[in-house]
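A.B. asks: Starting off with a structure, shown below.
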Amino acid sequence: MQYNELGDSGVEVSEVGFGAWVVGTDWWGDRSEDDAIEMVQYAVDQGITYFDTGDVYGHGRSEELLGEALSEVRDEVTIATKVGYDFYNNPQAGHGELPKELSPEYLRDAVEKSLERLGVDSVDVLQLHNANVDEITPDVLELLDELEAAGTIDAVGLALGPSIGWLAEGDLAIEEEFDSVQLVWNVLEQEVGNHFLETIERTGSSTSLIPRVPHSSGVLNEQVTPDTELGEGDHRGFRPDEWYETGWEKLEQLRFLERDGERTMGQAAIAWLLSHEPVATVTPTFRTNADIDEWTAASDVPKLTDEEMARVAELYADDFGIDRDDGMDSLRTSVDGEDIEAAGLDKLAAD
């Protein structure tokens, strides 16, 4: 495992991180709490030091379980959490989005409650959860500065979800020198990531990018195939069937990224992201210890060559040469741009 600094914060993260939305929720398959804790601890043993959760995951239960799982190695790991959804005063139906609350008073209280659930005195990375531009006010920025000065947090980030909007929000965070911006980004969904790469280059910002969904909801790691039946409530089921069918066509054109015995497609998907300098860590969705074994190794597999990177860029620019006379033209815009409801990705907003 390789490690990077998050922005200029001095906070170290493993190149492959652990997205704890699988802990304390059933969004990515049901598992016992004991199993979830064991999986987190197994990840530590495999070199993972970056753990990313949010107060809304399981209405605080993810934080509680993560804190329990990491209590013996707190000084060896980096814990990130998110605040901004008011689940304290609002019930949540399924995966629907809750009302947000980003007043400084609410955020300060939410941070204290997160610290208590995590069982820590400070959190390494605090992320605003799906905040809109107009919610990142001068008062909010001042609060974040105060929390850093007090030692309550060590780094500041913004976690973005597609149905909330993200281009202007991510640009603002980069311009304000947030330490990190988290986003959905993978070989099949590149537009937003490419935009932020350009923003970082234009501004000279040190902001790190944290991609999630690197396997495009199971397509690139082949955990969702034409024969897969997703269980009720599985988060990946909100993608439309047509999106998966097109993804499988694209996957076949990416087979050149595999190297027999050296690099699997699942590893290549992560290695492709890590080939972009601003990317500090990638958070795949681990479901089993076998996933952890395979994807943590992506930090050490052969790097993608310039030729491989160029070929991926060419394929994406040509939309993989897929004829979209079947009405699928809107899907790329849906996935990569603002009109994501058509692609079902509004359900990813709470990630």
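A.B. asks: Tell me the helices (runs of 4 or more DSSP H) entirely within the stretch 266-351 that contain at least 3 residues that are modelled with pLDDT under 50.
C.D. replies: Answer list for the stretch 266-351: 329-336.
A.B. asks: Being within 30 Å of F196 (Cα to Cα) and surrounded by 14 or more Cβ atoms within 10 Å (Cβ to Cβ): is that true of L65 here?
C.D. replies: Criteria not met by L65.
A.B. asks: Restricting to the stretch 200-213, and then to whatever is more than 28 Å from W21 (Cα to Cα) and touching a residue at least 12 places away in the same chain (Cβ under 8 Å), can you tell me which residue is surrounded by the most Cβ atoms within 10 Å (Cβ to Cβ)?
C.D. replies: The selected residue is S205.
A.B. asks: Which count do you get for residues in the stretch 270-290 that are within 19 Å of V13 (Cα to Cα) and out of contact with any Lys or Arg (no Cβ under 9 Å at 6 or more places or on another chain)?
C.D. replies: 10
A.B. asks: Within the stretch 92-115, work out how many residues are farther than 13 Å from T152 by Cα, among the hydrophobic types (A, V, I, L, M, F, W, C) and either modelled with pLDDT of 95 or more or part of a helix (DSSP H, G or I) (or both).
C.D. replies: Counting residues in the stretch 92-115 that are farther than 13 Å from T152 by Cα, among the hydrophobic types (A, V, I, L, M, F, W, C) and either modelled with pLDDT of 95 or more or part of a helix (DSSP H, G or I) (or both) gives 1.
A.B. asks: Can you name every residue in the stretch 119-175 that is in contact with a Gly (Cβ under 7 Å, 6 or more places away or on another chain), among the polar types (S, T, N, Q) and closer than 23 Å to F196 by Cα?
C.D. replies: Within the stretch 119-175, Q127, N130, N132 qualify.
Here's the yes/no breakdown for (1) under 24 Å from E177 (Cα atoms); (2) of a type in the set (A, V, I, L, M); (3) over 20 Å from the mean Cα position of the chain (by Cα):
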{"position": "E76", "(1), (2), (3)": "no, no, yes"}
{"position": "A80", "(1), (2), (3)": "yes, yes, no"}
{"position": "D86", "(1), (2), (3)": "no, no, yes"}
{"position": "P99", "(1), (2), (3)": "no, no, yes"}
{"position": "N132", "(1), (2), (3)": "yes, no, no"}
{"position": "L144", "(1), (2), (3)": "yes, yes, yes"}
{"position": "G151", "(1), (2), (3)": "yes, no, yes"}
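The values are calculated or read from the model by the stated rules, or taken from the named source; none is laboratory data. Since this is a predicted model, take the numbers as computed values, not measurements. Using ideal geometry, Cβ is built from the backbone for each residue, glycine included, and neighbour counts are taken over all protein chains shown.
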